[in-house]
Amino acid sequence: MNDDPISNDSANPHFAQLLTSLSTGAEIRRRRLLQMGLGSAALSFFGLPALAAPAGRPGPGFTPIAASIEDTVRVPAGYTLQLLYAWGDPVSDGPAFRADAANSAAEQAEQAGMHHDGMHFFPWIEGDEKSSTHGLLCINHEYTDEGLLHPDGMADWSHAKTRKSQNAHGVSVIEIKRDGSGAESRWQVVRPSPYARRITARTPVRIAGPAAAAPAMRTGDDRRGNVVFGTLANCAMGFTPWGTYLSCEENFNAYFNGLDQPSADQKRYGVRKNGGGFRWHEHDSRFDVATAPNEANRFGWVVEIDPWNPAKPPVKRTALGRLKHECATVTLASDGRVVVYLSDDEQFEYLYKFVSRDRFDATSAGDNTSLLDHGTLHVGRFDADGKGRWMPLMHGQNGLTEGNGFADQADVLIRTRQAADLVGATKMDRPEWIAVQPQTGEVYCTLTNNRQRATAEAANPRADNAFGHIIRWREDGADAAAGSFAWDVFVLCGDPQNADPNQQGNIKGDAFGSPDGLWFDQAGRLWIQTDVAGSVLNRAEYQRLGNNQMLVADVVSGEVRRFLTGPLGCEVTGITATPDSRSFFVNIQHPGEVGGARSDPATPLAGSGWPASQFAGVTGGRPRSATLVIRRRDGGVVGS
């Protein structure tokens, strides 16, 4: 969800302005494979990707499916779909979903939140093996549609409705297990489970890192500036080598009622009068800027959650910067330092990279808990010669001084966007998900679209970027911590039947646009998920592309095949898999949404009846975001 007006009016170069003399760069050197194992039997282990020659890596092995405008999820022949976890399902042994949306706020706090987004599967450890039949699943719940969440929508807005809305945001942690074997076995949510919990917009969350306790982080309720109630706008995610989940706060500004005349800093983050119309401020004064001027500074962070320890509070890691965070993709540098790639999801915003000060220690999970609190945040500049560099956002460097308005490092991080403006970062076309190729270490990023771009360039000839593209870069020296890199455009998305050559793209295979979700499986196949806005889905330039979809790309040949199509009005988002790659988990978000508007509670099924329309025995009454399980009927590797 991103309907905000452009908030970056800096004079920094646009990515399109730099696409003039693209070079391919040098071949990446090989690097040895490091397999990092964690000591705790409850923690999964994390592999450092090897940099190896790509030859011989398997590509997509299925027959692609056609585009669809049906109100159903479709996958290739030979695959099965199972509905696992839908909005309103109990997290553990809580209350069931009510078709009329009459569940209370307290009940919603024990149920799946709305609008599933990024997620990750953490396998159980059985002996020395990672289980592919048992684990924990962490799922983000990005935002709410109040027209569906309450029986009468936003009429007679109340304290109870505010609480229910807040409880439908955040994260689910559920325990899941596959019963039996063979094609007939099914995944189940384990109920009850000691690991199951909901983290909501009201859950106490610790603040850590350089911005903790800073004056701009203190409020009347938290005079120390180290604890905040809640996380929200949880979009994509990441996961760490020490077995924790990173949830990213994206469009946090939508929840705040700003001032009639907002400050320059508030404008830079899109904090404006009435926000996104959630009306929380009417019954929770934290979300009224006039009453609590610093509260908005406490959102827009990456939140670390330990799924294996339900009693441990989540932590906002301020060293990773304050953005409209889309994702936090983690890898390791050659020397074992932790590297986190970060994206700011808005038109003309930037790409970032955090490099930890200290090294990951695979022998002691406890010693890794503060790795994300100490290090250097960088912002990317993509130059016209196909090279790029990471510019540190450190107080005292690159003009980030008190004389230029930055008091200290906490100030740099709280105002990350302004710091990136000052150092001259490259404006991008809505940076979203980032994925690291497991065999080569190349980094890929979706740039969803940008209809506001006015400048056409030879290597990216679409002044009106309706369809978006995917870029990739190769860090110098094959080291994720490097300060420079080589980059190119992997694919320009588009419709090859479009009469305008600038909108046709260069896809080798099935057409798509507005790429969003991005993820590599263990074999190196690139999975692409789309988020075409409801206002243009199956209309105008997108009239031939069908509903939102999931595709698979061979990054060597460039071939793209369509694997899944979603129901009407949905976004396809969130993907993870079991260690054996034989069970995939995929989220369907906001089925039935039209044009980004809230639904009419009088006609909740006007846009879609999914998932009840497709799966027997599922409570309907409203379209419901949900997690699906995808498997091959013969038990083979998905996508092969």
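So the values come out like this:
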| item | result |
| --- | --- |
| Gain in span if fully extended, Asn404 to Val556, counting 0.36 nm per residue against the direct Cα distance | 50.2 nm |
| Share of pairwise Cα separations in the range 292-433, more than 28 Å, in percent | 19 |
| Violating pairs (Cα-Cα greater than 30 angstrom) within the set Lys273/Lys387; Lys324/Lys387; Lys273/Lys324; Lys130/Lys316; Lys267/Lys316; Lys427/Lys508 | Lys273/Lys387 |
| For the range 490-640, with +1 on Lys and Arg beta carbons and -1 on Asp and Glu, the positive-most of Gly513, Leu537, Ala626 along the dipole | Ala626 |
| Distance between modelled label sites at Asp358 and Thr455, nm, 7 Å Cα→Cβ extension | 4.3 |
| Extent along principal axes [Cα atoms of the range 53-200; Å; largest to smallest] | 61, 44, 35 |
| Rule-of-thumb Rg ratio for the chain [Cα; 2.2 N^0.38 Å; N residues] | 0.88 |
| Mean accessible surface per residue for the range 300-442, computed with a 1.4 Å probe while every protein chain stays in place, in Å² | 26 |
| FRET efficiency for Thr376 and Asp634, using Cβ-Cβ distance with R0 set to 45 Å, rounded to 0.05 | 0.40 |
| Listed residues Gln437, Val412, Leu447: farthest to the positive end of the dipole of the range 409-476 (Cβ charges) | Leu447 |
| 222 nm mean residue ellipticity, helices alone, for the chain (DSSP H n ≥ 4; -39,500 (n - 2.57); rounded to 500) | -1500 deg cm²/dmol |
| With every protein chain in place, the chain: carbon and sulfur % of accessible area (1.4 Å) | 49 |
| Ser10-Ser263 pseudo-label distance in nm [points 7 Å out on the Cα-to-Cβ vector] | 1.9 |
| Asn274-Gln188 pseudo-label distance in nm [points 7 Å out on the Cα-to-Cβ vector] | 4.9 |
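The values are calculated or read from the model by the stated rules, or taken from the named source; none is laboratory data. It should be emphasised that the depicted structure is a prediction, and the values quoted were computed from it without experimental measurement. Please note: Cβ atoms are built from the backbone with ideal geometry, for glycine as well, and neighbour counts cover all protein chains shown. For the accessible areas, the whole protein counts, side chains as well, though only heavy atoms, and no ligand, DNA or RNA atoms are used. Shrake-Rupley method; radii C 1.70, N 1.55, O 1.52, S 1.80 Å.
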